[in-house]
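I have placed the structure first, in the form of structure tokens, so that the comments after it can refer back to it.
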Amino acid sequence: MILTLILFLQVGFEHTSSLLLGGHFQSGVADEELLYVADGRGVSVFEKETFSRRGEIMLEGRTNLIVRHESSLFVGGSRGLAKIEVSSFSQEYPQAEWLYTEPITALELFGRKLWFADDKARLYGMDVAGGASSPSCTIQLPLPPVRIVGNEARLYLAADTGGLFVLDLEAKALQAKRVTIEGDPAVMDVLIADQTVYLACAEQGLWVSEPRRNSLKVVKRIEATGEVMSLELFDERIAAAAGTGDFLLFSIADPDEPVEIQRERFPGMGLNLAKAGEDCFLLTGAGIGHMDLSTKPLAGHGLFYRGAGSGYEILSKGGVAVLAAGDAGIRTVGLGDSLSFLGEYSQMSGCRRVYLFGSQVYVLTTSNIMYVVEIKDPKRPQKRTFQQFESAASGVDSEGEMLLAAEHERGVGIWWRCPCGPFKEQGRWDFGGQALDVRIRDKLAFVSADPPALYVIDWSDSANPEQVASLALERDCERLYADEDLLFGLDSSGALTVVNVARPTRPKELAVLELEGSPTALARYEDYMFIAAQDAGVHVVDISKPQSPELVSTLDVGPAMGVAVSGDLLLVSTLYSIEAYRIQP
């Protein structure tokens, strides 16, 4: 059974349900039966053998680190460090205790202490074995580490392109010292077996070294398939998560001469490993793979868990929502008392943006292909046609059988779609700049562009469109929304622009509101705009006075990629899930 966490996140919003798409799986820990995974939006719990989902908890920000001490899980990410009791997953509403509120870059349990580092390069030690809930020591590091590895009385701190540092825990003054390594490789992980130190050096492969005083003597550099990111030891074998190489297995029968003996491809990219006895779980971002290391000399390839795609833009109509799900195509979602998947069309990839025109969904992809999918029956979406654009198309709008498309390098194309056939180009307006988005009002089209500007085009003669007005803007409007006599534009670098087009021949910029994050989508509810701003969450902006929009609050959910409103229900699509909130004005 999936457990849903209900929270009151802000005054006026009640979190009512979640629908998981999958997650960005980067870190996991396991016990005899269960696998606990930091999935981007919180923690998911799976049965080890079947990958059946047993529970979940949603946390603020992005979660990508997890360790376990006895009955407690410690979870780190962009909002800090949280503690969750394992037993709470059997409760109706699992709870988390926040111990630290700065972004965490690395996390490790070693000895009695939980060690963690933040993005300001501060290392903390917390005596969790003694029941402490706050750090007992703080050490300033030269750089934030991406991995902390304990061995004997030392902590090794892998800092990616910053190299490797070591901290002697028995020294009187705790200070991290840089480890000199010939060649200065990027260090992603460290594995120590006997007197040999193995380094995961990303695209530079697997390096074999011997420890010296504040240095490592490199004795062998092993080229590997993919980018070596994480290492685990299994007797005389080293398992590696290897980026585009996914899962690798090395034999170290001769410790100084590792030999790559196995490679397994998985969906996604190999980012990290979780070890549980002879079981090895590969975290690929897009999913989780199971490798059985008891089958010597090679590893047995078990199940792979893959989510239902990644969440990008979401739109709603009636009791149905449509989600652009990245490489999983589009998904239709029922909006009842709880969210539910209805149907899918997955024969397309790179789906980022969707439009609803009647019962048809127009889908823009990263490959410059636009698909048209019929959803009269939301449970059985059917492909109708497609259009290959010559350059990147970042916005479309439709009226009747006509479609206008904003293309980055070719201006605005005007297309007629035969009801039972392909699109046919009727005309084109090219102004020499980059068209970003387009909105239609009668026979006028409002086009946002780069360099920042708004153009008003008369396309009543589709073969000969003409410019009737233009307006220089302060910021780009990569996304453009029309609402009666107002246009709202979003700049992903952090701004909302409001333009009055009551007199189309004389458009007027009313306001520019600076916003945190990367605004990507918006939806209106009465006098409010809900703006999805990725890692910053969802901004709530009061537009009752369009000339002076005001940021009134922010929902801490994310990374928020899309928003939609259906009645009094706010839908937020994140990379990992769809979240539903009851709006309480």
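A quick yes/no check of all residues on (1) touching a Leu at 6+ places or on another chain (Cβ under 8 Å); (2) under 28 Å from residue 555 (Cβ atoms):
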{"residue": "30", "(1), (2)": "no, no"}
{"residue": "36", "(1), (2)": "yes, yes"}
{"residue": "78", "(1), (2)": "no, yes"}
{"residue": "107", "(1), (2)": "yes, yes"}
{"residue": "115", "(1), (2)": "yes, no"}
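Just one of 456, 412, 468 is exposed (fewer than 15 other Cβ atoms within 10 Å of the Cβ), under 26 Å from residue 512 (Cβ atoms) and not basic (Lys, Arg); which is it? Steps first, answer last, please.
Numbers: 456 fails: exposed (fewer than 15 other Cβ atoms within 10 Å of the Cβ); 412 fails: exposed (fewer than 15 other Cβ atoms within 10 Å of the Cβ).
None of the other options fit; the residue is 468.
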ask   = Inside segment 269-278, can you point out the residues that are buried (at least 18 other Cβ atoms within 10 Å of the Cβ) and touching a residue at least 60 places away in the same chain (Cβ under 8 Å)?
value = 271, 272, 274
task = Six or more apart or on different chains, Cβ under 8 Å: which pairs go from a residue in segment 541-553 that's closer than 14 Å to residue 486 by Cα to one that's of a type in the set (Asp, Glu)? Could you list them?
result = 543/527; 544/527; 549/542
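Can you tell me which residue within segment 517-537, out of those that are not hydrophobic (A, V, I, L, M, F, W, C) and not in a strand (DSSP E or B), is farthest from residue 486 (Cα to Cα)? Before the answer, list the steps.
The initial filter retains those residues of segment 517-537 that are not hydrophobic (A, V, I, L, M, F, W, C), namely 517-520, 524-528, 534-535, 537.
Within this subset, residues satisfying the condition of being not in a strand (DSSP E or B) are 517-520, 526-527, 535, 537.
On the way: 517: 24, 518: 22, 519: 18, 520: 18, 526: 14, 527: 13, 535: 27, 537: 24 Å.
Only one residue tops the list, namely 535.
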note = Among residues of segment 315-359 being surrounded by fewer than 19 Cβ atoms within 10 Å (Cβ to Cβ) and either touching a helix residue (DSSP H, G or I) at 6+ places or on another chain (Cβ under 8 Å) or of a type in the set (S, T, N, Q) (or both), the residue farthest from residue 565 (Cα to Cα) is 347
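Regarding segment 479-493, can at least one residue be identified that is without any contact (Cβ under 8 Å) to a residue 40 or more places away in the chain, in contact with a Gly (Cβ under 8 Å, 6 or more places away or on another chain) and over 26 Å from residue 318 (Cβ atoms)?
Checking segment 479-493: not a single residue is without any contact (Cβ under 8 Å) to a residue 40 or more places away in the chain, in contact with a Gly (Cβ under 8 Å, 6 or more places away or on another chain) and over 26 Å from residue 318 (Cβ atoms).
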note = Checking 498, 572, 540, 565 in turn, the sole residue that is in a strand (DSSP E or B), in contact with a Phe, Trp or Tyr (Cβ under 8 Å, 6 or more places away or on another chain), hydrophobic (A, V, I, L, M, F, W, C) and buried (at least 24 other Cβ atoms within 10 Å of the Cβ) turns out to be 572
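Tell me the strands (runs of 3 or more DSSP E) entirely within segment 43-112 that contain at least 2 residues that are touching a Phe, Trp or Tyr at 6+ places or on another chain (Cβ under 6 Å), closer than 30 Å to residue 517 by Cβ and of a type in the set (S, T, N, Q). Give the steps one after another, and end with the answer.
On the way: elements: 53-69, 72-77, 80-85, 97-100, 104-110.
So the answer is none; nothing clears 2.
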key: Where residue 218 falls short, out of the listed (1) without any contact (Cβ under 8 Å) to a residue 40 or more places away in the chain; (2) of a type outside the set (D, E, K, R); (3) closer than 30 Å to residue 112 by Cβ; (4) not in a loop (DSSP other than H, G, I, E, B)   = (3)
task = Please find, within segment 495-536, the residue that is nearest to residue 585 (Cα to Cα) out of those that are out of contact with any Gly (no Cβ under 8 Å at 6 or more places or on another chain) and polar (S, T, N, Q).
result = 500
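Condition check ((1) touching a strand residue (DSSP E or B) at 6+ places or on another chain (Cβ under 8 Å); (2) surrounded by 15 or more Cβ atoms within 10 Å (Cβ to Cβ); (3) basic (Lys, Arg)) across all residues:
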site: 36; (1), (2), (3): yes, yes, no
site: 44; (1), (2), (3): yes, yes, no
site: 54; (1), (2), (3): yes, yes, yes
site: 80; (1), (2), (3): yes, yes, no
site: 83; (1), (2), (3): yes, yes, yes
site: 97; (1), (2), (3): yes, no, no
query = Exactly one of (1) surrounded by fewer than 21 Cβ atoms within 10 Å (Cβ to Cβ); (2) within 19 Å of the chain's Cα centre (by Cα) is unmet by residue 16. Its number?
reply = (2)
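Is segment 114-129 home to any residue that is of a type outside the set (A, V, I, L, M), on the phi > 0 side of the Ramachandran plot and surrounded by fewer than 17 Cβ atoms within 10 Å (Cβ to Cβ)? Give the derivation first.
Within segment 114-129, the first condition is being of a type outside the set (A, V, I, L, M), and the residues that meet it are 115-116, 118-120, 122, 124-125, 127.
Retained after the next criterion (residues that are on the phi > 0 side of the Ramachandran plot): none.
The answer is no; no qualifying residue exists.
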query = Would it be correct to say that residue 249 is more than 16 Å from residue 280 (Cα to Cα), part of a strand (DSSP E or B), in contact with a Phe, Trp or Tyr (Cβ under 9 Å, 6 or more places away or on another chain) and not β-branched (Val, Ile, Thr)?
reply = no
message = Cβ contacts < 8 Å: first residue without any contact (Cβ under 8 Å) to a residue 40 or more places away in the chain, restricted to segment 160-185; second residue among the acidic types (Asp, Glu) and in a loop (DSSP other than H, G, I, E, B), any location; separation 6+ or different chain. Result?
response = 163/184
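Against the condition modelled with pLDDT of 95 or more, surrounded by 16 or more Cβ atoms within 10 Å (Cβ to Cβ) and either touching a Ser or Thr at 6+ places or on another chain (Cβ under 8 Å) or not charged (D, E, K, R) (or both), how does residue 291 come out, does it pass?
Numbers: modelled with pLDDT of 95 or more: yes; surrounded by 16 or more Cβ atoms within 10 Å (Cβ to Cβ): yes; either touching a Ser or Thr at 6+ places or on another chain (Cβ under 8 Å) or not charged (D, E, K, R) (or both): yes.
Answer is yes for this residue.
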request  = Return only the number of the condition from (1) over 27 Å from residue 463 (Cα atoms); (2) buried (at least 18 other Cβ atoms within 10 Å of the Cβ); (3) among the small types (Gly, Ala, Ser) that residue 394 does not satisfy.
outcome  = (1)
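The values are calculated or read from the model by the stated rules, or taken from the named source; none is laboratory data. Because the structure is predicted, anything quoted here is derived from the model rather than measured. Every residue, glycine among them, receives a Cβ derived from its backbone with ideal geometry; neighbour counts consider all protein chains shown.
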